[in-house]
Every structure is written in structure tokens, then in C-alpha cells.
Amino acid sequence: MTTTPVQIPAPAAAPRARSRSLAWHVGAVALLLVLLYPVLWVFTASVKPADEIISSFDLLPSKVSWSGFGTALDGIAEVPAWRFFTNSLILSLGSVVGNVLSCSIAAYAFARLRFRGRGPMFAIMIGTILLPTHLLLIPQYTMFQKAGLVDTYVPLLLGKFLATDAFFVFLMVQFVRNLPRSLDEAALIDGCGHFRIFGHIVLPLLRPALITTAIFTFIWSWNDFFAPLIYLQSPEKYPLPLALRLFVDSTSSQDYGAMLGMSVLSLLPVIAFFVAFQRLLIEGAATSGLKG
Amino acid sequence: MASTTTTDAAIPRARRGDAPSAEPAKRRGRAGDRSAYVFLTPWMIGAALLTIAPMLFSLYMSFTDYNLFDAPRWIGLDNYRRLLFDDPEVRDTVGVTLLYVVVATPLKLAAALGVALLLNTRRKGRNFYRAAFYMPSLIGASVGAAIVWRLLFSTGSVVDGFLGAFGVHTGGWISDPDWSLMSLVALSVWQFGAPMVIFLAALQQIPRDLYEAAEIDGAGPWRRFVSVTVPMLSPVIFFNLVLEMVHAFQMFNSAFVLSNGTGGPAGSTHVYSMYLYELGFNDFRMGYAAALTWVLLLVVGVITAVLFKTSGRWVHYAGEEK
Amino acid sequence: MGKEAPSRRTALSALLAAGLGTALTACGGPSRSVGAGGTVTLRYFFWGDSGRAELINKCIAVFEKANPKIRVKSSFAAFDSFWPKLSTAAAGGNPPDVMHIDYAWIRTLGEHGVLADLGDHTGPGKEIDASTLVSSLRTAGMVEDRRVALPLSHNSVSLQYDAKVWADAGARPPSAADAPMGWDTFMEQALKVTRHTGRKQFGMDNPGQNYLGVELWMRQQGKQMWTEKGELGFSRDDMSRYFGQVDGWRREGALAGPDVVLESLPGFPISTRRVASNLEWDNQAGGRSAMRGSKLSLGFVPTDTARSGIYAKPGMLLSAAAKSPYISEAARFIDFMINDRRVAKILGTNIGMPPTTSQEGAAEVTDPAVRQVQAYEKAVAATLAPTPPPPADGGASLNVYLQRVAEKLFYERVSVDHAVDLFFDQAKVVLA
């Protein structure tokens, strides 16, 4: 293989480097404090007494109240809270698998292969990014309804396995096009077909883009509200974002405490997923470093 | 199975070709087509069924009077005529949307690139920083985010107090028709995580030796940024630019959630997509809403096409050297 | 090895294609066959929070016990998201058998054949007994001559106010239903509150900012919001007068400016202690009080005429889908919900006051918030007008537009006359 890990020289422990490093940390932390203030607020607000949540500017609660979390964990109308987490997890992980597989395959073809209809097809692919999705819903719904698939996860997942998230196809196309062609041409001469080039050369090098796709897909499906709202009917199939809104129905009650409690709880898995995967992102990139 | 034999068959021909840098497809002809179509099968099915068919249906709807429940009635260009000439709401929402696109897109990209460059380091704790800087984007345009944003940009809030300390007295942005859109811009810029991660991933792809070579040539940090980082990053700069622009044009969630679905104050956050949504789901004027969708699609499509056309001049693909 | 990789991927694509193909050729819609033993399953959509869902599920359990051959499978969402959920399902030809409907939608859905005409299932010996409906609700749910819905509850507009804040400011709240306060007198009192609190709390939230206040005032003037035919029931002059009045009160400081509403989440300044009174449906008092952190009293709405303007508003209505194969079963469930005393006992006033005489007084009331609503309803019962005609097609979005125009006026971006012109121009576009 022509890839070789890049040796990163350890920074010299000279005093000057150390003070620069300190300045960097100070700057980064200061910026973070500003950016994370609102996030912190969501966390502290979740333990505020109910009447303080929407009327107080203060970051800290006057007294700590865990009742929001209590209500959140009680679940909704006989559906326990863990169920919503499990549903969200199934949908998000399913979407990740679907997007990573289907988008990388399509991206390879668009980026590396020359074939008839490539130009128009690429234009269509980009065109689908531009579509406002709300308006496609009704024809799509009608289709899934005719197929008897409403109130299943199929309408929410099928598109992911068919590379309809053109955002990720385009993202990977951009990455593949930036990989040196010499690698796959050498492989082609060595007798590899496109499937092997894709599987053995492009895919490993594409790792940062694949992980990026996995992260975004996970987070976005985790937060997706509209499609589950439309397609799911049985409350025991609801994912978290649907459950969340049931705490703040404008016609019956506005339990912001429970809503924020549930929000905080639902943030934890995404944070965990992000932390775990972005580590891979960096390691992946470090080991796939190329000699141009 | 069929594709296996064709690719195998293609290789001897490829071997015969003596110029390895030549376009492989030209040499391999139909066989290349075949494997490309195999690779594209899932995408083609998905696009045809889930996007193109519904799209064509909405194109048809745009020439009809359609209320979702009765059969569509053909009215020719009436919808387009009305939206171009007779609907003051279209004019207002287009103004709001364009302002948002022009302000939010460059600011968000700049924030994302700035932080990505800051974090593209081998310093200790980089994993922590990357996760922490992404945190705002995890919240999304949720009800939680809406509550915080309202409190942050109300009169007498932290932001108001902070700006006041510098002698800038704007009052609460959220309730001021002149500033409310900027609070949405701020929300979008604050959630710079997605383009940042993409920039970071691309920064990792830049071969170290390019920087080393530039350094040997005596290039300073700025010079290295301009002559190595920017060109090497140009495919993803282009990607992020297109995507963020398109997203800005389609902005809906944050405006909807922050204004309780009214587009207020006084219509100042009433964006085009919100109007579309109201027409479709509140008024059931699906035909008219479809016409608005197609006009949006056309405008964004033309802008994107122009970006693609001009991209050849500044976007550089390492895998496609001429 | 070299031959495995491609075939695996080809197989994957083929599998996906085949799966999709079968999924789509199996068209013809999901089968709604009658289950074993002749059991019928009704699909039922409603809106509300988790608390309401629990109560409704309890009602369903009682119904299923009494009707062993009918199962009810419920689905619910919060109010703001319920509408796209329901309308997409209806547009896709898949509306639920039974659904909760807001009064603003019944004309739209009723006129386009989505809702079944329950007239055929109502009457002596039929599934639904509508003779028990309280008299002011008799016409609620009728679109022209068709009974497309039955009211499940009713509420009335009230004046919510914080009695303590008013008393501290030395302001006099409106007293009794038979001796209502005039609007000018009321605003003088409200101004006292604004002054006393140093504008921390305004006397009242501006009622001109949404249709509630506009409709109330128009009705007090002998006009109405919507005519039987679905046209606006008031003129440009009427609206100019009303906008002129409320804008004057806003300038004086009796009414809160539009910024106060916008800085309150979720648009209720009474909950964030920025105003000391507002116009609101009476059943909301409990929830608002809880968020506000102090008790809200229910007072009588001011009026300058002999009319109070308030009426029995159906808080929720129940409809059956015209396409449902089980309309008879759906009608039985609807009758159960509006007439069975056990339902009233379970629901309390979660949805509003019970719609029928058969349910009246069924709920044992211990909750003081509910008692308060009942006391108010009792006091205004004599002045309550029958339910007016439902809003026109597009009426819901015209309400949103009204708010937008009112904000432009109260931010002083447009004059009163200009605001009225904008509203009527948009009405022409929307109602065309």
C-alpha cells in the first residue's frame, strides 16, 4: 500500500511554545464560555422551580427542584420514558447504517466513474438538496400509505438506504474527488475492479467523511420531529422529540420543567455519540494521512 | 455477477492502454457505464420514487387549484401570476429571506472555519474542545433552544446588558422588528457545528508535507493559509457555501419555533418557507404553495448553478489535477 | 476475494430494489379487515399533553369494557403539531376513524367531504343522542345543514386578572355579570396598575393582538367574526374603530405593547408576570396561574353595550371520517364520549365544561381551579349566546395574519387605516 502514517513531531517543550499553548487554551476556554452559556442555561433551568424557568434571566436556580426529571421519567400515558429512548436509538442507528452505506456507494460513482447521463444525474442529485421537504410530504405520505407502511419505521428509514440524503452524497463526492487518483489507477492496473477499488482503497480513505456522515445522521435523526410526527401513530413507537413536545401543549399544560428535564436527558446520548465518534474522526484522519 | 465479468473483461483492455493518466472511462466504454449504474442503483430508486415523482406531482399541482381533498383543477399560470404580481406577502417574505441568506451564510461559514482552524491542533484536550464547540449544534431548533434564545435576546437580558456596557443600546432583539431577524442569524451562527466538523475533517486530509514545503520556501502562517489551506480546503468551502446558502433559503424551524409560528414581530421573521407551510397546511392551498415551491427551487437552482459554473476557477480537487 | 466484494454489493442493491418493489406493488391500501370474533378497531386521533392522554386512555378502557367488539387505538400530538399530522393523513386518504377537531377547521374539513355527516347516526334509536346537548351548543358542529361534528366540551371567554396586583394598585376589577364595566372605565383601572408597578406589569395584555379580542368586541357591537356563508361579519369601519380604540389605550399605557407578548414564552405575558390581566378562555386559568406563580381570578368581560359578547365555544369537537368503514362504531364511541357520565367524571374540566346535560354535574370537583371555572360558567350562563358560525376556509391563517397586522400597528409601522386595508386585502386573497 502506498499510504504511510504521517509521523507528527511532538511539539518542542520550549518555554515559548508553552506560553503560546497557554494563550491558546485561555482563548479557547473564553470563547467556549460565551458559546456554552445558553447550553449551560438549559441544564440549570431543568432544575429550576416551574415558575422560574420562563421568567428568570438568572443562570442559577433559586432552589434546586428535580420534579421536572421526575415527570419526564414517568413517561407519557402508559408509555415508559425508556421506550422513547429506545425508539430514537433504533431510528438514529438505522439511519446511520443506511446513509453510510448508500451514500458512499453513490458518491463513488459520481466522483470517480465516467458514464452516460452523469452530468444530468449529478444535477438531479444536487437538485434534490434544494427541495423544501415539507411539500414533498403529502405525495410521499400517500405512497407509503398505499403500501400500508404508515405507522412503521419504513418511511423514516427507507430513504436513508436509498441515498436520498443528497447532502451526504455531495459531501462524500467532494471528499472522494480530493483523493489522489494515482491510488485507484494503480489498483486498476493491478487488476482490481471498481468494487475492489471502492471497498479496499476509497472506503478506508474516506473514513473522515464516513464518520462525519455517521455523526450528522445520528444527530439529525435524533432531533427529527416532523417526519415521525406525520408517519407514526402508535404512541409506543414515538421517538423522543415527539414525546418532548407533549409536555408543552399550548391548549392543556406547559410543563417546561418536564420538557427541559426530558431535553437534558435526550441530549446525553447524542453527546456521548458525538464524543465517541469525533475521537474516531481524528484518529481515522491521522492514520489515513497520505503522501501526496 | 454480470458486473464482475464485465469489470474483469475491462482490465486487459486497460492494461493495453499505455497512458495511465488518461481518462479510464474512455478506454473502458460501456463496461464503465455498467458498474456505475450498479453503484447508483439504490440512489436511482430512491431519487425516482421519493423525490422525483413527488416533485413532478408538485409541479403539476402548481398549475392547479388544489385543496388536498378535492380533485386538482387546472388553472394554467394563475398561481404564478398571482405570486409574482398580486401577493404582498410574497414580496415581504422574499425580502426577509434574502436578508437572512445574505447575512447568515457568510457569518456562519466564517465562524465555522475560524473555529475549525483554531481546533486543528495537536494540543492536549483537543477532543474535549471539539466536542464542547459542537455542543450548541446538538440542541437544534428545539423548544429548549427557543426558550433560551428568547431569554437571551429579551430586554434586560445578558446580551442586552453586555452590549449596553459597550454603549450599544438595542433593547431586546426578539421583540424589535428591526433586530429580530438578527437574533435568528445569531442562532444559526451559534450552531456552526456542522460546517465546522466538515472543515475539520478536510483540514485533516491536507498532507503535512505541503505545509513543510511551504515553510521551507519561507512562507509565514498567513501565506501558508492562503496558498496551502485555502486551495486544499476549497472543495469543502464550496460544499459548505452551497449547503449553508440552500439551508438559509429554506430556513423554517427556528423562525417558526421562536415566533410561536407567527413570523413576528410584525412579520419581520416571516420567511418564505413559513409562508409556504402556512399556505399548504393551514389554508390547504396546495396548488399555490407548490407554485411558490417551484419559484424558490428555480431561484436557488440558478444561484447554485452559477456557483458551480464559477467554482472551476477557485475550487481545486487534488484527485483531478489537470 | 476479488469476486466476492462486487457480488455482495450487487446483492445489496438487488435486495433493496426487490424490497421496494414488493412494498409498492402490494398497493391497494392497508387492509382494514375485521379481526377475529368480529372485533373492529377504531383509529382515534386527539391532541393534548401527557396528562390529557392518560385521562382519555382511561375513558377508552371504560368504553372497550362496555363494547367488547370495538377496540380503540389512539394517537396524539401537541396541539400545534396535531394539524399537519391530521391534514396529511386526511390528504393521503387515511384519516382516522374518529378525531378531535378544532372549531376553526370544521368548515374546511366538513365542506370537502373529509368528515362524515353524522346526521344519519343521530336521533332517537340511532347511535348518537344529541338531544342532551346544552342549549347554547345545539348548532355547534353543523356546517350548513350537515352535522359534521359533535362538541366534546365548551368554554367561554373570561377576564383573567391577578386580584392582588389590582388591589395593591387601588384598581377596581369588573364586578358582576349583570352590571359590567365599560371599556373606558376598565382601561382607567388598568392604567392604575401600570402606573403602580412602574410598567413592570401592564394593566392588560392588548386584546387587539388576536382574534379573541376582535371577535368579542365585534359581537358586543352586534356584529360577528364570520357569517353563515363564511364571509367576514364586520366592515372596515368597525375594524378601524376597534383598532383606533385599543391603540389609544396602548399609547396611554393601560395595554401592554407588542414587545411584551413577544418576550414572553409561549406568548402569554400573564404567565411571565408582565401583565396583570388578559382575555382568555376560562379553562386556561389554572395552567396560567401555575406558571405565573400566583392565583388568577376570573372576572366578567367589560362591554359598552347590553351584549357581553361571550358565547359557548366548543373547545374540541369529535368527528368521524367520511371514508371510515366503521362509521356506526365511530358514532357509538362519540356518543359515549359526549353522554357517558363516567367520561365526565374522568375528564373533569381538562377539555372544558361537559357538552351535555347528561354529563353535567358528574365530576366531583375538588380542584379549586376547576371549581373556579364552574362558578364562572354558572354566573355567565344567562348571558351566553349560542355558538356562532364556524370560521371560513382559510380562517385559521387569517387569524395569524390579523396578529401580524396588529403588530405592525402597535409597533407604529403603519397607521390604523393602513392596517385595516392590509387586513382586508389579505382577507380577499385568503378567502377567494
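The values are calculated or read from the model by the stated rules, or taken from the named source; none is laboratory data. Every value quoted in this text rests on a predicted model; they were computed, and no experiment measured them. Neighbour counts run over all protein chains shown; Cβ positions are idealised from the backbone, glycine included.
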Counting just the residues of the range C:218-267 that are touching a residue at least 12 places away in the same chain (Cβ under 8 Å) and either at positive phi or touching a strand residue (DSSP E or B) at 6+ places or on another chain (Cβ under 6 Å) (or both), which one comes out surrounded by the fewest Cβ atoms within 10 Å (Cβ to Cβ)? C:Gly222
Can you tell me which residue among A:Val270, A:Val264 is surrounded by fewer than 22 Cβ atoms within 10 Å (Cβ to Cβ) and among the β-branched types (Val, Ile, Thr)? A:Val264
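Okay, residues lined up against (1) in the same structural domain as B:Met274 (by TED's automatic domain parsing); (2) closer than 30 Å to A:Arg118 by Cα; (3) touching a strand residue (DSSP E or B) at 6+ places or on another chain (Cβ under 9 Å); (4) acidic (Asp, Glu):
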residue	(1), (2), (3), (4)
B:Tyr37	no, yes, no, no
B:Met44	no, yes, no, no
B:Leu50	no, yes, no, no
B:Phe69	no, no, no, no
B:Asp86	yes, no, no, yes
B:Val96	yes, no, no, no
Just one listed residue, out of C:Ser297, C:Ser271, C:Ser277, is out of contact with any strand residue (DSSP E or B) (no Cβ under 8 Å at 6 or more places or on another chain) and not aromatic (Phe, Trp, Tyr), and it is C:Ser271
Being touching a residue at least 24 places away in the same chain (Cβ under 8 Å) and either in contact with a helix residue (DSSP H, G or I) (Cβ under 6 Å, 6 or more places away or on another chain) or more than 8 Å from every other protein chain (Cβ to nearest Cβ) (or both) is the filter here; which residues of the range C:82-93 pass it? C:Phe82, C:Lys85, C:Leu86
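For the range B:154-235, which fully contained helices (runs of 4 or more DSSP H) count at least 2 residues that are under 25 Å from the mean Cα position of the chain (by Cα)?
Those helices (runs of 4 or more DSSP H) span B:180-190, B:193-205.
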With respect to B:Gly287, determine if the residue is assigned to a helix (DSSP H, G or I), under 29 Å from B:Met55 (Cβ atoms) and facing another protein chain (nearest Cβ under 10 Å). no
Out of B:Phe192, B:Phe252, B:Phe238, B:Phe199, I need the residue that is within 26 Å of A:Leu280 (Cβ to Cβ), in contact (Cβ under 8 Å) with a residue 12 or more places away in the chain and surrounded by fewer than 22 Cβ atoms within 10 Å (Cβ to Cβ). Which one? B:Phe238
Out of everything in the range C:257-277 that is part of a helix (DSSP H, G or I) and more than 7 Å from every other protein chain (Cβ to nearest Cβ), what residue ends up being nearest to A:Arg245 (Cα to Cα)? C:Val261
Residue hits (the range B:128-157; of a type in the set (Val, Ile, Thr) and facing chain A (nearest Cβ under 7 Å)) are B:Ile139, B:Val143, B:Ile147, B:Val148
Among (1) in a loop (DSSP other than H, G, I, E, B); (2) within 21 Å of the chain's Cα centre (by Cα); (3) surrounded by fewer than 23 Cβ atoms within 10 Å (Cβ to Cβ), which single condition is C:Ser81 missing? (1)
Can you name the residue in the range C:155-176 that is in a loop (DSSP other than H, G, I, E, B) and in contact with a helix residue (DSSP H, G or I) (Cβ under 7 Å, 6 or more places away or on another chain) and, of all such residues, is surrounded by the fewest Cβ atoms within 10 Å (Cβ to Cβ)? C:Gly170
Checked the range A:198-229 for anything surrounded by 22 or more Cβ atoms within 10 Å (Cβ to Cβ), farther than 30 Å from C:Ser75 by Cβ and in contact with a Gly (Cβ under 9 Å, 6 or more places away or on another chain); matches are A:Pro208, A:Leu210, A:Ile211
Search result, residues across the range A:159-209 that are under 20 Å from the mean Cα position of the chain (by Cα), basic (Lys, Arg) and closer than 25 Å to B:Ile237 by Cβ: A:Arg207
Hey, A:Thr142 hits all of (1) in a loop (DSSP other than H, G, I, E, B); (2) at the interface with another protein chain (Cβ under 7 Å from one of its Cβ atoms) but one; which does it fall short on? (1)
Every residue from the range C:119-133 that is under 21 Å from C:Ala312 (Cα atoms), in contact with a helix residue (DSSP H, G or I) (Cβ under 9 Å, 6 or more places away or on another chain) and not in a strand (DSSP E or B): C:Asp129, C:Ala130, C:Thr132
Do we have B:Phe199 as at pLDDT 85 or above and more than 12 Å from chain A (Cβ to nearest Cβ) here? no
So, in the range B:42-67, exactly how many residues are assigned to a loop (DSSP other than H, G, I, E, B) and either at the interface with chain A (Cβ under 7 Å from one of its Cβ atoms) or at pLDDT 90 or above (or both)? 2
Quick check, is C:Ala320 in contact with a strand residue (DSSP E or B) (Cβ under 7 Å, 6 or more places away or on another chain), under 30 Å from C:Pro173 (Cα atoms) and buried (at least 18 other Cβ atoms within 10 Å of the Cβ)? no
Would you confirm whether or not the range C:343-355 contains a residue that is among the charged types (D, E, K, R) and either surrounded by fewer than 21 Cβ atoms within 10 Å (Cβ to Cβ) or modelled with pLDDT under 85 (or both)? yes
Residues that are crowded, with 19+ Cβ neighbours inside 10 Å, at pLDDT below 90, in a helix (DSSP H, G or I) and small (Gly, Ala, Ser): does the range A:92-110 have at least one? no
Determine which single condition A:Pro228 fails, assuming it passes every other condition in (1) closer than 30 Å to A:Ser67 by Cβ; (2) at the interface with chain B (Cβ under 10 Å from one of its Cβ atoms). (2)
Just to check your reading of the model, which residue among B:Leu117, B:Leu107 is more than 17 Å from the chain's Cα centre (by Cα) and modelled with pLDDT of 90 or more? B:Leu117
Here are some residues: A:Leu60, A:Leu32. Which one is under 23 Å from B:Gly193 (Cα atoms) and either within 14 Å of chain C (Cβ to nearest Cβ) or without any contact (Cβ under 8 Å) to a residue 40 or more places away in the chain (or both)? A:Leu32
Any idea how many residues of the range A:19-60 are over 31 Å from the mean Cα position of the chain (by Cα), among the hydroxyl-bearing types (Ser, Thr, Tyr) and crowded, with 16+ Cβ neighbours inside 10 Å? 2
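Have a look at C:Ala149, C:Ala104 and point out the one that is within 14 Å of another protein chain (Cβ to nearest Cβ) and within 19 Å of C:Ala396 (Cα to Cα).
C:Ala104
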